[in-house]
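Beneath this line is the structure, given in structure tokens, with notes to follow.
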Amino acid sequence: MTTEQPSTQESAVDAGTVIPGSGVGRTRYAVVGLGSRSRMFTTALLTEYRGRGELVALCDPNETRMNYHNKSFADEYGTQPIPTYRPEEFVSMLAEQRVDVVIVTSMDRTHDHYIVAAMENGCDVISEKPLTTDADKCQRILDTQARTGRKLTVSFNYRYAPRNSAVKELIQSGAIGDVLSVHFEWVLDTKHGADYFRRWHRDKRNSGGLMIHKASHHFDLVNWWLGETPRTVFGFGDLRFYGRDNAESRGEAPRPYRSHGSPDLESDPWAIDLAGEPTLRALYLDAEHEDGYIRDRSVFTDGISIEDDMAVLVKYRSGATLSYHLTAYSPWEGYRVMFNGTKGRLELDVEERSYVSGAAQDPNKPGAGSTDPTNPEQNADEPPATPIDAARLTLRPLWDIPRRVEVEEGSGGHGGGDRRLLNDLLGDAEADPLGRAATHVDGAYAMLVGAAANRSFATGAPVEIADLVAFPGGGGQPR
Ligand SMILES: NC(=O)c1ccc[n+]([C@@H]2O[C@H](COP(=O)([O-])OP(=O)(O)OC[C@H]3O[C@@H](n4cnc5c(N)ncnc54)[C@H](O)[C@@H]3O)[C@@H](O)[C@H]2O)c1
């Protein structure tokens, strides 16, 4: 442990605070990976859920980042410092702080390590998506979960966005009969999509590429919407837009390797200004001397091993098919998904951000804007600055007039989905006819479709999911 340790019972709340339920029997949480996403969980534990849970430990290789979090917890909530630990102290931290549940919000490539170690040491786990980055790691997680019997949940917040829940409700109600095929396009814009090419995600070993890091959200949605298990995957994926070769082949001038210190910072629409935004500065720029994590690399440099344009076909056990496309360099951000059923068709169009500006003063410029710029992924579903039509859900029954289905959007991350997700994870999970809480099996199938697509990109052949992992006990039905 590397900071002064307060009394563990008092660590998360200021002395004298009356805690609903008196704090007795509160679940003890540790968070591993203290980047931007961790804030959703730490804030919830220090505020709305503090009567039920206690944040007792933080673990990350970067002390500067952990200290920044502790300072902002103190400033905002008046808390004592939460004890901090380095990765090599993870197991001793679990015992020392009597941790019940580990929340994993670290870089994707490290998820398996913490999930397995936590379960081996008697803890339950809440993992951010993706569950992990390749099939071998997934197998290890499945085997450990089966052996230990611990609870492992994956936080698939997209399921909770009201529009996505409405699709599930309609399909489940039989409104379009049996779903025979799905056509799904997701476009990431030059603000959010580009961000994956600036930081650790750009190295496929860290993220599994966008097929796993990003599309596992989308594959999970389809698995859940259909209540189906994916069987066979085939795809093409390539780096066609970002990277030095692509920029050179379009005749573009070379750019500095990072935005910070660049003379073109103001005028380059691809640049983000870490120094100009206090949270970005504190979390990344001021912390980079410790671990060399450069948050603002040029998207047109060498060293990118992930794809930016991906086309995938999936066949499900029921015989249903999915055609899916993901691009990461689009002028706008959102998705279109269409379901063809035996009784009709369902179409969802979602526009999350209408455009990305190149102008320095426009809030839609990368790194600028009214939403939290530290986490474009978290904010991707925030109401856009200039929506044309935020979400449109249309039911087209056979032999009948089409009808618009109204969807009430909530406030907060992912159309209000993050709040509902937190209640399932940290609060009193209520009975949910839509089955939105995702299990480790759901997490595994979502990333396995991506892992199969990655293998297909490399081999040019279709991939059977059953050839990637063996579910212990032969189980493995996602809900
Ligand atoms: N569900 C969502 O919508 C959503 C949104 C954003 C991020 N995420 C997920 O959250 C996770 C974190 O993403 P982020 O945007 O906060 O990234 P980030 O880069 O801001 O933070 C990653 C953190 O992991 C830490 N880390 C690196 N190596 C580590 C190790 N060996 N052990 C422990 N920690 C280590 C880094 O120091 C950093 O603090 C990712 O898995 C990402 O997929 C999910």
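The values are calculated or read from the model by the stated rules, or taken from the named source; none is laboratory data. Not measured: the values here are computed from a predicted model. Heads up, the Cβs are rebuilt from the backbone with ideal geometry, glycines too, and the neighbour counts pull from every protein chain shown. When the accessible area is computed, the model is the full protein with side chains, heavy atoms only, and any ligands, DNA or RNA have been set aside. Shrake-Rupley method; radii C 1.70, N 1.55, O 1.52, S 1.80 Å.
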Item checked: Integer Hz, Karplus 6.51/-1.76/1.60 couplings in order for region 166-181, x for Gly and Pro -> 5, 4, 4, 4, 5, 5, 5, 6, x, 4, 10, x, 7, 7, 9, 7
Next item on the list: Straight distance only, please: which lysines reach the Cα of Lys129 with their own Cα at less than 22 Å, same-chain residues fewer than 8 apart left out?
Entry: Lys137, Lys151, Lys168, Lys191, Lys204, Lys214
Item checked: Hits among aspartates and glutamates - C-alpha to C-alpha of Lys343 under 17 Å, sequence gap 8 or more where chains match -> Glu169, Asp178, Asp400
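Under the rule that an exposed site lies in a DSSP loop and has at most 13 other Cβ atoms within 10 Å, name the longest stretch of the chain with no GluC sites (Glu not before Pro) of that kind, not counting the sites themselves.
On the way: sites that count: Glu4, Glu252, Glu266, Glu406, Glu408, Glu430.
Here the longest run is 5-251.
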Note to self: For the chain, what does the accessible surface come to per residue with a 1.4 Å probe? Please give it in Å².
What the structure shows: 39 Å²
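Quick check on the chain: of the DSSP beta bridges with both residues there, what percent are antiparallel, nearest 5%? Write out the running numbers ahead of the final one.
On the way: 47 of 75 bridges.
Restricted to the chain, the bridges split so that about 65 percent are antiparallel.
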Next item on the list: Calculate one ³J(HN,Hα) per residue across region 138-143 by plugging θ = phi - 60° into the Karplus curve 6.51 cos²θ - 1.76 cosθ + 1.60, and present them in order as whole Hz with x for glycine and proline.
Entry: 4, 4, 4, 5, 4, 5
Checklist line | HN-Hα J in Hz across region 253-264 - Karplus 6.51, -1.76, 1.60, θ = phi - 60°, x for Gly and Pro | finding: 6, x, 10, x, 5, 8, 6, 4, x, 6, x, 9
Check: So how much accessible area does Lys343 have, in Å² to the nearest 10, using a 1.4 Å probe?
Finding: 120 Å²
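Work out the length of the dipole vector of the chain about its Cα centre, built from +1 on the beta-carbon of each Lys and Arg and -1 on the beta-carbon of each Asp and Glu, and round it to the nearest 20 debye. All intermediate terms of the calculation are to be shown ahead of the outcome.
Values: 52 positive and 70 negative charges, 242 e Å.
That gives the chain a dipole magnitude of about 1160 debye.
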Checklist line | Cα-only radius of gyration and Dmax that characterise the chain, units Å | finding: 22.1, 70
Next item on the list: Restrict the search to region 49-149; then list the trypsin sites (Lys or Arg not before Pro) that DSSP places in a loop and that have at most 13 other Cβ atoms within 10 Å of their Cβ.
Entry: Arg98
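To the nearest 500 deg cm²/dmol, what mean residue ellipticity at 222 nm is calculated for the chain from DSSP H runs of n ≥ 4 alone, each contributing -39,500 (n - 2.57), summed and divided by the residues? Present the calculation step by step, with values, prior to reporting the outcome.
On the way: 16 runs with 140 residues, N = 479.
That calculation yields -8000 deg cm²/dmol at 222 nm.
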Note to self: 5 Å is the cut-off here: which amide hydrogens, built 1.01 Å from N in the peptide plane, fall below it relative to Arg258, excluding neighbours closer than 5 in sequence?
What the structure shows: Ser298
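What is the diffusion coefficient of region 189-259 in µm²/s, taking the Kirkwood radius over Cα pairs and the Stokes-Einstein relation at 10 °C with a viscosity of 1.306 mPa s? Walk me through the numbers before you get to the answer.
Numbers: Rh = 14.6 Å.
Estimated via Stokes-Einstein, D reaches 109 µm²/s.
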